[in-house]
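Read the structure below first, then the notes.
The values are calculated or read from the model by the stated rules, or taken from the named source; none is laboratory data. Everything numeric in this text was worked out from a predicted model, so none of it was measured. Every residue, glycine as well, gets a Cβ built from its backbone with ideal geometry; the counts of neighbours run over all protein chains shown. Note: areas computed on protein heavy atoms with side chains; ligands, DNA, RNA excluded. Shrake-Rupley method; radii C 1.70, N 1.55, O 1.52, S 1.80 Å.
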Amino acid sequence: MYTHRKPLIVSAMILSAAASGVALAADEPAAPAAPATPTGPSLTDVLTASGLTATGYVAASYYHSNGYSTDHQFDNKHDTFQLDQAAVTLAYQPKEGFGALVDIAAGEDMKILNTAEGSNSNTFDVVQGFVQYASGPLTVIGGKYVTLAGAEVIAPTGNSNFSRSLLFYAEPLTHTGIRGTYAVTDTLSIIAGVNNGWNYSSLQISGSKTGEVGLAWTPNKIFALTAQAYVGKDPTFDAQRTLVDAVATYNATDALTFILSYDWGKQDQHAAGNPNLDWNGAAFYTNYAISDQWRVSLRLEYLDDKDGFITATGISQTLKEGTVTFGYDPVKSFELRFEARYDKSTQPTFVRTLTASQTTDTLANSQTGIALQGIYKF
């Protein structure tokens, strides 16, 4: 028993001597140091070292309107809480050689995207998935990728407003095919590609293809311009569809940005004697950073649906809308958005009420909506 208690007595003597200020003999053993805890590289370090990036976001909202958000792309519910999107993107995109990108998302917005792509209306979608090859100024991707058209994108993190514009509703969302981008200079790039058409992941009707061409010019930090066009036979209509789109961005100051987007489109009709279906529209954006945490975004636009093709009514009408959105960032990874929007049309096109069988009961020529959205980025 004495042998087992000796270390405790020695320790007590050391503590007592230290407390009384008495120096310890040099030959008395010091207490052994605690072993260092081994530390390995973090996940971020591993990904950075491998060249692989992993990013994502979660967006949820509450939206209220006095109608059913006719001609809105994603905010088509009202008086409801919903998970808009939860997405993860994995990418390996070296400056030279082969790479790949996968963008997977889930949420209510994916129901709309799946429907547009001709798939079942479910809450999961591979928004992008492509292989890439880069060599010098040339980059080629093949697979599924987002469109070049428009100032707004599918991911809410890339937009300044909660709701999408009328022009976004009138533009393609994704394409499946091959796209090449050639950097002519540090400020000018040319894009060309061929795909299955607007939103088609695969074609079961015909083998028709759509061509895309575009350019991106950024002469300085103040101004940027993109212009793109899509031309090809749409499988559903079995006739040519054309879209020309341009987006100009002007950074007046570090806090103030102006954006102008313009679209012109035409859908030919297969049957002889039927008129072409034309539309055009423009959207103007003003984004202002009030402080490091607060910002405000204003969007004003019109869509002239001359033949009722975009609204699927067959009735000529012009839609206009105004949206104001306040953004609050308490931290860099989170933003809270407050939005108010007013839509108006020259025709009673907005669904106000539905019957018990979900058929249209009342139409109006205007609609008002408010929304609250939270976005967390990682």
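The figures follow:
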read-out: Test: residue in the stretch 66-79 that is open to solvent by 40 Å² or more (accessible area, probe 1.4 Å) and assigned to a strand (DSSP E or B); value: no
read-out: All positions within the stretch 147-161 that are over 11 Å from the mean Cα position of the chain (by Cα) and farther than 29 Å from VAL194 by Cβ; value: ASN161
read-out: Out of THR368, THR311, THR349, THR353, sole residue that is among the hydroxyl-bearing types (Ser, Thr, Tyr), out of contact with any Lys or Arg (no Cβ under 6 Å at 6 or more places or on another chain) and within 29 Å of LEU225 (Cα to Cα); value: THR311
read-out: Candidate set from the stretch 90-129 (those that are closer than 16 Å to ILE141 by Cα and under 12 Å from the mean Cα position of the chain (by Cα)); member that is least open to solvent (accessible area, probe 1.4 Å); value: VAL127
read-out: Residues that are modelled with pLDDT under 95 and part of a loop (DSSP other than H, G, I, E, B), drawn from the stretch 96-122; value: GLU117, GLY118, SER119, ASN120, SER121, ASN122
read-out: Residue list for the stretch 341-365, filter: surrounded by 14 or more Cβ atoms within 10 Å (Cβ to Cβ), under 15 Å from SER65 (Cα atoms) and modelled with pLDDT of 95 or more; value: ARG341, ASP343, LYS344
read-out: Residue in the stretch 58-70 that is over 30 Å from PHE338 (Cα atoms), of a type in the set (A, V, I, L, M, F, W, C) and modelled with pLDDT of 75 or more present; value: no
read-out: Residue within the stretch 292-310 that is surrounded by fewer than 19 Cβ atoms within 10 Å (Cβ to Cβ), touching a Ser or Thr at 6+ places or on another chain (Cβ under 6 Å) and among the polar types (S, T, N, Q) present; value: no
read-out: Counted residues, the stretch 64-87 - those being over 17 Å from ALA364 (Cβ atoms) and touching an Asp or Glu at 6+ places or on another chain (Cβ under 8 Å); value: 7
read-out: The stretch 314-331 residues that are farther than 13 Å from ASP71 by Cβ, paired with ones that are part of a loop (DSSP other than H, G, I, E, B) and of a type in the set (Ser, Thr, Tyr) (beta carbon under 7 Å, 6 or more apart); value: THR323/SER163; THR325/SER160
read-out: Test: residue in the stretch 179-196 that is closer than 27 Å to ASP307 by Cα and surrounded by fewer than 16 Cβ atoms within 10 Å (Cβ to Cβ); value: no
read-out: Extreme residue, farthest from the chain's Cα centre (by Cα), among residues of the stretch 50-82 that are farther than 27 Å from LEU138 by Cα and without any contact (Cβ under 8 Å) to a residue 40 or more places away in the chain; value: ASP79
read-out: Matching entry among PHE223, PHE237 (being closer than 21 Å to ALA282 by Cβ, among the hydrophobic types (A, V, I, L, M, F, W, C) and open to solvent by 30 Å² or more (accessible area, probe 1.4 Å)); value: PHE223
read-out: Candidate set from the stretch 131-174 (those that are more than 29 Å from THR286 (Cβ to Cβ) and of a type in the set (Val, Ile, Thr)); member that is most open to solvent (accessible area, probe 1.4 Å); value: VAL131
